[in-house]
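For reference, the structure discussed in these notes is given below.
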Amino acid sequence: MNDLLTGLYNRPRFMELLNQMVQDAVDFSAPMALLIIDIQRFHKINRHFGHHTGDAVLKAVAEVLKQVRRKDDYLARIGDDQFALILDRVANVGHAQLAAMKIQRLLDLPINVEGRDFRCKAVIGVSLCPANADTATALLQSAELALAEAKYQEQPIGFPKLTREQEIPENWDIEVALGDAINHSELQVFFQPKISLDTGRPVGAEALVRWQNRTRGLLSPDQFLPVAEAIGFLKPLTIWMLNSALRLSGEWTEQWGRLSVSVNIPPNILAQPDFVDLVMSAEKLWQRDNVDLCLEVLEQSFITDIDTVFEKLNALRNLGIGIAIDDFGTGYSSLSYFRDIPTDELKIDQSFIRGLKDDKANLHIVSLIIDIAHRFELQVVAEGVETEEAALYLKKNGCDLAQGYFFAKPMPAREFAEWLKNYRPEKAFMKAANPTG
């Protein structure tokens, strides 16, 4: 039951699928969305260029819309110049709006038909099930009303009027904007130095992502990384971070000498089959001779399929890439396999470091972690060092490196390069740390 012109589902088949999807959404609490896509001023194409050209344009529009359709979504032609997209498993209105905005962007590009470029503007009505309707007929009517309201308001995308229970989620604007953050150069890499507690000199830096959002200002990772994971944006974000960290660090190693740069790798990205290839591609692209790349992975990365994870980490270490266990002490590590983890560095979570002053248990835990790590010939980094007292305690107990606000806050690349140029070890700290020096 397909449309003869475009090959998409026709209206009768669309209604069957919509009924099925709505029923599943209601029965299994699996929210879905319906987008009605109305191609504007299409009659002018038919009038000026003929129906043959108009049909060719519609076929081209159908091909464009297929780029937005995911594996379990359904796309149909339900009218002369009207299409419908059923989105399976949509968490909230922000996800539906992302799809609508992508359609708008794609249709804004010229479509070449018979040697002519056509721009096919669209107005889109969006409705969610069960938030806006819980039957197929009601959902279709809701999307059509949203479409009509968008046309009346001269807006590209329309939504049903929301009740108090159907308010747009707090982070919907982040979801919508995050996909364009890289293209709009809104993401930034900040660097926080790692300091040798032996010499007081910087030996490397951790690369941290920040987002200069146009409406919310500078956002820290905890404000948008959960959203990035929810909408499937972690992989492109991680690739961007790897490349940006290597590109920028090459600039400041020219004036300082050999340094390491660390990049955080989320567990589900480490689990990707092509992860090793992604890292190798970034290394090959930038070829930074004075930069030692280190990948920071969480303890959670070792919960499932540990053999595959070990295989990947060993492959990376064989390429000269360092591996660090990040936020150690907050996850699920077991000494029974800890000895086998292919790693070079262990980072003590800041929750232990910040409690050093007032918690004797933390003092013992930190000392124990340092001792165990050194027995496994691992370098130890303390995160969240904010006081001289903490730095001195860590130095006294053999911790190798430290990072935190006592030494420096995370900084944009240019500011970090300037900081490197002017940095001098804190005289008071170095004197206290080396009383005989």
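Just a few scattered comments:
- Residue satisfying condition, being in the same structural domain as residue 260 (by TED's automatic domain parsing), surrounded by fewer than 13 Cβ atoms within 10 Å (Cβ to Cβ) and modelled with pLDDT of 90 or more, within set 377, 386: 377
- Residue within segment 5-20 that is more than 15 Å from residue 75 (Cα to Cα), assigned to a helix (DSSP H, G or I) and in the same structural domain as residue 126 (by TED's automatic domain parsing) present: no
- Residue satisfying all of: in segment 115-135; over 20 Å from residue 100 (Cβ atoms) and touching a residue at least 60 places away in the same chain (Cβ under 8 Å); surrounded by the most Cβ atoms within 10 Å (Cβ to Cβ) among these: 118
- Enumeration of residues in segment 262-285 that are acidic (Asp, Glu), modelled with pLDDT of 90 or more and assigned to a helix (DSSP H, G or I): 277
- Pick from segment 58-75, criterion of a type in the set (D, E, K, R) and closer than 18 Å to residue 90 by Cβ, ranking: surrounded by the fewest Cβ atoms within 10 Å (Cβ to Cβ): 71
- Under the condition of being among the β-branched types (Val, Ile, Thr) and either assigned to a helix (DSSP H, G or I) or at pLDDT 85 or above (or both), the residues counted in segment 214-258 number 4.
- The condition of being surrounded by fewer than 18 Cβ atoms within 10 Å (Cβ to Cβ) and in contact (Cβ under 8 Å) with a residue 40 or more places away in the chain holds for only one of 216, 247, 258, that being 216.
- Among the residues examined, residue 112 does not qualify as in the same structural domain as residue 21 (by TED's automatic domain parsing) and either surrounded by 15 or more Cβ atoms within 10 Å (Cβ to Cβ) or aromatic (Phe, Trp, Tyr) (or both).
- Residue in segment 243-263 that is under 30 Å from residue 93 (Cα atoms) and touching an Asp or Glu at 6+ places or on another chain (Cβ under 8 Å) present: no
- Residue count for segment 275-289, restricted to those that are farther than 13 Å from residue 244 by Cα and under 17 Å from the mean Cα position of the chain (by Cα): 2
- Whether a residue is of a type outside the set (A, V, I, L, M), surrounded by 16 or more Cβ atoms within 10 Å (Cβ to Cβ) and assigned by TED's automatic domain parsing to the domain that holds residue 159 was assessed, and residue 88 passes this test.
- Some residue of segment 289-299 being at pLDDT 85 or above and of a type in the set (S, T, N, Q): no
- Condition met for residue 177 (crowded, with 18+ Cβ neighbours inside 10 Å, in contact (Cβ under 8 Å) with a residue 40 or more places away in the chain and small (Gly, Ala, Ser)): no
- Number of positions in segment 21-50 that are modelled with pLDDT under 90 and in a helix (DSSP H, G or I): 12
- The lone exception for residue 352 - which of (1) closer than 24 Å to residue 245 by Cβ; (2) at pLDDT below 90 it fails: (1)
The values are calculated or read from the model by the stated rules, or taken from the named source; none is laboratory data. Values in this document were obtained by computation on a predicted structure and should not be read as measured data. Counting neighbours? That spans all protein chains shown, and the Cβs are built from the backbone with ideal geometry, glycine included.
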